[in-house]
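The values are calculated or read from the model by the stated rules, or taken from the named source; none is laboratory data. Note that this is a predicted model, so its numbers are computed, not measured. Counting neighbours? That spans all protein chains shown, and the Cβs are built from the backbone with ideal geometry, glycine included.
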Amino acid sequence: MKKSAIIACCAALLATSCQVSDKPADGAAVENSAATVDTGADEQAIRGQIDRWLQLVKAKDAAGVAALYADDGAVMPPGAPIGKGHDAIQKTWAGMLATPGFDLSFTPEQIIVSSSGDMALDRGTYKLAMSPGGKPVNDTGKYVVVWRKIGGEWKAAADIFNSDGPPAGA
């Protein structure tokens with residue numbers, strides 16, 4: 001009888017030690033539990049950031065666009081080096097926005113918010129018009145932005161885009 005009681009106690013101890021906790025090892029509360037994530041509201045918040053982004057592009061506000069990115073965010077334009085961090089992102093956008101005739105629009109086709117509610121994928125298309133050297137250029141392409149929720153606000157963590165057309169000189 002003692003042997004079966006000891007086995008039952010050990011099994012009970014093992015079972016409770018294997019349970020998944022809602023708290024990290026340091027005891028802090030989990031910020032985004034699956035029960036509290038409202039992916040619909042998060043998607044709408046991201047769409048709001050996209051609308052703001054389009055307004056800033058029209059205003060040619062490179063600093064404002066850079067502020068939409070996470071501190072460690074990156075922009076990865078085609079045919080140019082990666083811009084990491086706010087200063088480099090602002091410089092990249094300032095160069096694009098300064099192009100004569102620059103006009104950009106983009107439309108998300110899919111926004112998927114993670115079940116944890118702290119990251120999201122935004123995939124869509126863009127239309128670009130510009131006139132470098134006085135010669136009109138029109139382009140269409142696609143993009144992906146990975147969004148990260150930081151301090152309750154959605155910030156672009158990674159932004160990459162490329163043309164549907166052939167590479168320049170091809």
Filter result (within 21 Å of GLY151 (Cβ to Cβ), crowded, with 16+ Cβ neighbours inside 10 Å and touching a residue at least 40 places away in the same chain (Cβ under 8 Å)) within the stretch 54-74: LEU68, TYR69, ALA70, GLY73, ALA74
Out of ASP42, ASP38, which single residue is among the charged types (D, E, K, R) and at pLDDT 95 or above? ASP42
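Every residue, every condition in (1) within 18 Å of ARG148 (Cα to Cα); (2) part of a strand (DSSP E or B); (3) in contact with a Pro (Cβ under 7 Å, 6 or more places away or on another chain); (4) touching a residue at least 24 places away in the same chain (Cβ under 8 Å), yes or no:
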{"site": "GLY95", "(1), (2), (3), (4)": "no, no, no, no"}
{"site": "PRO100", "(1), (2), (3), (4)": "no, no, yes, yes"}
{"site": "LEU104", "(1), (2), (3), (4)": "no, yes, no, yes"}
{"site": "GLU109", "(1), (2), (3), (4)": "no, yes, no, no"}
{"site": "SER116", "(1), (2), (3), (4)": "yes, no, no, yes"}
{"site": "LEU121", "(1), (2), (3), (4)": "yes, yes, no, yes"}
{"site": "LEU128", "(1), (2), (3), (4)": "no, yes, no, yes"}
Residue match in the stretch 140-148 (condition: loosely packed, with under 14 Cβ neighbours inside 10 Å and outside any strand (DSSP E or B)): no
